[in-house]
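Here is the structure we will look at.
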Amino acid sequence: MNQVAILDRTITGRAAWTRAAVDDAAYRVELSAAARQELLDAAKTLRRQPVPLLALRSDSLEMPACRAAMEEVRGILTEGIRFALLGRLPMEELSLDEAKALYWMLASMLARPVAQKLDGTIVYDVHDTGQQALPGSGIRPDKTNIDLQFHNDNAYNATMPVFVGLLCVRPARAGGMSRVMSFYTAHNALRERHADVLPRLYQPFWFDRQREFHPGEPSTFSAPLFIRDGERLSARLSLHQIRGGYALRGETMDNETAAAVEAIRDVFADPSLQFDFHLQAGEMQFVANREIGHSRTEFHDHAAAEHRRLLVRLWLRNEGAQGYIG
């Protein structure tokens, strides 16, 4: 393999946090009374003058208090610890469509929503469908109730979202705890504990493309897990898709590759490097997708469909095309 220059130093700064360094002020943003009133007024306006969700823009209505809250979120995502929890939409006073519309408008203040599937799906429901996420099946793990390892979204595509938003419509009956981890911190831990495998992580791995490709195109995608741009680092860490990528190609990971994957698994299992919280109905989670890994624990759902866990996801970026390929 060709040698690349790895980032061979301890990364410091607010983005390279550990669990002990995270307090509420670092990631929580509350919607003020004025912002909540703006949201309720916006819902009333949309009831009188319905507009298709995809036609809504961040400047569709004057919402200065909401815009101020989203600027606070942006600061956390770009200069702070790279994940934010925004609370909360008044779900008890909104229909599901109204909640999605208000969430869309808030998220659009960060960046443009883009497609999350080849068919152009932009607003994506995260819920358990009872299916299995097998290699090549096209069933994404977020459509199951399994424990999700730390990952960033769309790691198996050329253009990843810059930010990812999740609106909690309904939590699960039990489980489904949200978790986040700084990939800067993960890189530091890998350098300290598994320095021998770090160069391999800067070389390409195979990813399962989740059946999101045009006819005649390959079913796998090749990319390094860490990408260095000067002193800046970004990551593609999605072990589920990596396992699927090698399975689809009928390849066995060589010893160096397997050791690198096992080192990542070891770091991902360290609770001191991660932070967890329960998303409540109406709360919105935002992450800087190329710098933060997110996951959730296995969950057990309600029997009645109308009470089952439901999150609504948006992918956000201003660069590239608005389509899935980007």
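The values are calculated or read from the model by the stated rules, or taken from the named source; none is laboratory data. What you are looking at is a predicted structure, and each value in this text was computed from that prediction instead of being measured. Cβ placement follows ideal geometry from the backbone for every residue including glycine, while neighbour counts extend to all protein chains displayed. What goes into the accessible areas is simple: the full protein's heavy atoms, side chains included, and nothing from ligands, DNA or RNA. Shrake-Rupley method; radii C 1.70, N 1.55, O 1.52, S 1.80 Å.
The set of residues in the stretch 232-272 being touching a residue at least 60 places away in the same chain (Cβ under 8 Å), farther than 20 Å from ASN289 by Cα and not in a helix (DSSP H, G or I) consists of ASP270 alone. The number of residues in the stretch 273-295 that are closer than 16 Å to SER238 by Cβ, assigned to a loop (DSSP other than H, G, I, E, B) and out of contact with any Lys or Arg (no Cβ under 7 Å at 6 or more places or on another chain) comes to 2. For ARG36, the requirement of being at negative phi, touching a Pro at 6+ places or on another chain (Cβ under 8 Å) and open to solvent by 30 Å² or more (accessible area, probe 1.4 Å) is met. From the list ALA111, ALA158, ALA101, pick out the single residue that is part of a loop (DSSP other than H, G, I, E, B) and open to solvent by less than 30 Å² (accessible area, probe 1.4 Å). Matching residue, one of ALA111, ALA158, ALA101: ALA111. Of all residues in the stretch 53-83, those being part of a loop (DSSP other than H, G, I, E, B) and closer than 28 Å to ARG170 by Cβ number 8.
Of all residues in the stretch 56-87 being modelled with pLDDT under 95 and open to solvent by 60 Å² or more (accessible area, probe 1.4 Å), which is farthest from the chain's Cα centre (by Cα)?
Taking the stretch 56-87 as the starting set, the residues that turn out to be modelled with pLDDT under 95 are 56-62, 87.
With the extra rule that they be open to solvent by 60 Å² or more (accessible area, probe 1.4 Å), the set shrinks to 57, 59, 62.
Details: ARG57: 22, ASP59: 25, GLU62: 28 Å.
Ranking the qualifying residues of the stretch 56-87, first place goes to GLU62.
Here ALA304, ALA281, ALA260 are screened, and the one residue that is farther than 29 Å from GLU217 by Cα, at pLDDT 95 or above and of a type in the set (Gly, Ala, Ser) is ALA281. Taking the stretch 204-223, which residues are surrounded by 16 or more Cβ atoms within 10 Å (Cβ to Cβ) and outside any loop (DSSP other than H, G, I, E, B)? Across the stretch 204-223, the qualifying residues are PHE205, TRP206, PHE207, ASP208, THR220, PHE221, ALA223.
When LEU118, LEU86, LEU134, LEU46 are checked against the criterion of being part of a loop (DSSP other than H, G, I, E, B) and touching an Asp or Glu at 6+ places or on another chain (Cβ under 8 Å), LEU118 stands alone in meeting it. Of all residues in the stretch 22-34, those satisfying the criterion of being within 18 Å of GLY75 (Cα to Cα) and assigned to a helix (DSSP H, G or I) are ASP24, ALA25, ALA26, TYR27. Looking across the stretch 89-98 at every residue that is assigned to a helix (DSSP H, G or I) and among the hydrophobic types (A, V, I, L, M, F, W, C), the one that is surrounded by the most Cβ atoms within 10 Å (Cβ to Cβ) is identified as MET91. Contact annotation: residue pairs with Cβ atoms under 8 Å, 6 or more positions apart or on different chains, pairing a residue in the stretch 58-86 that is at positive phi with a partner that is open to solvent by 10 Å² or more (accessible area, probe 1.4 Å), are ARG82/ALA15; ARG82/ILE76; ARG82/GLU291.
Where residues in the stretch 161-173 are open to solvent by 10 Å² or more (accessible area, probe 1.4 Å) and of a type outside the set (Val, Ile, Thr), which of them is nearest to GLU283 (Cα to Cα)?
LEU166
Residues of the stretch 237-257 that are among the hydrophobic types (A, V, I, L, M, F, W, C) and either more than 30 Å from ALA69 (Cβ to Cβ) or modelled with pLDDT of 95 or more (or both): LEU239, ILE242, ALA247, LEU248, MET253.
Every listed requirement among (1) in contact (Cβ under 8 Å) with a residue 60 or more places away in the chain; (2) surrounded by fewer than 18 Cβ atoms within 10 Å (Cβ to Cβ); (3) touching a strand residue (DSSP E or B) at 6+ places or on another chain (Cβ under 8 Å) is met by GLY282 save one, (2).
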